[in-house]
1. Tell me, yes or no, whether segment 19-34 has at least one residue that is aliphatic (A, V, I, L, M), modelled with pLDDT of 90 or more and either open to solvent by 70 Å² or more (accessible area, probe 1.4 Å) or within 14 Å of residue 93 (Cβ to Cβ) (or both).
2. Residue by residue through segment 36-51, note down the ones that are charged (D, E, K, R) and either open to solvent by 70 Å² or more (accessible area, probe 1.4 Å) or without any contact (Cβ under 8 Å) to a residue 24 or more places away in the chain (or both).
3. Within segment 52-95, track down each residue that is assigned to a helix (DSSP H, G or I), open to solvent by 50 Å² or more (accessible area, probe 1.4 Å) and touching a helix residue (DSSP H, G or I) at 6+ places or on another chain (Cβ under 7 Å).
4. Quick one: which residue in 38, 60 is among the aliphatic types (A, V, I, L, M) and at pLDDT 90 or above?
5. Any residue in segment 3-27 that is under 12 Å from residue 57 (Cα atoms) sitting within a Cβ distance under 9 Å of a residue that is open to solvent by 60 Å² or more (accessible area, probe 1.4 Å) and aliphatic (A, V, I, L, M)? List the pairs, counting only those 6 or more apart or interchain.
Amino acid sequence: MSEPRSLPAELSIYTAADTHALMLRWLDEDTEARDVRLWPVQAGEVLQADAAGVQLLLALDHSLHARGQQLRLQAPSDSLTQACRSLGLSAWLAA
């Protein structure tokens with residue numbers, strides 16, 4: 001994938017369908033990088049995040065693990081960090 005992956009400004013139940021479709025496109029288009037262990041995603045532009053949005057990230061992480069890859073959230077925003085903390089996922093975010 002030539003262009004960088006960036007999370008949308010809203011990562012919530014209201015945008016879950018669109019975000020899910022975006023993440024599926026990332027996985028489908030990323031055939032040339034399957035041998036890359038770390039899979040970076042820009043996370044600094046997330047202004048709103050809720051449990052549904054974090055669940056999508058966990059699903060992406062799970063899909064990547066199945067391919068032998070690891071999600072790496074780059075510069076997660078305060079909103080995303082707080083949502084992860086609220087759900088008891090601080091350690092996952094720091095990974």
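The values are calculated or read from the model by the stated rules, or taken from the named source; none is laboratory data. This is a predicted model, so every value here is computed, not measured. Heads up, the Cβs are rebuilt from the backbone with ideal geometry, glycines too, and the neighbour counts pull from every protein chain shown. Just the protein is used for accessible areas: all its heavy atoms, side chains included, with ligands, DNA and RNA removed. Shrake-Rupley method; radii C 1.70, N 1.55, O 1.52, S 1.80 Å.
1. yes
2. First pass over segment 36-51, keeping only residues charged (D, E, K, R): 37, 45, 50.
Passing the criteria: 37, 45.
3. 90, 92, listed by residue number.
4. On the way: 38 fails: at pLDDT 90 or above.
Checking each option against the conditions leaves just 60.
5. 11/47
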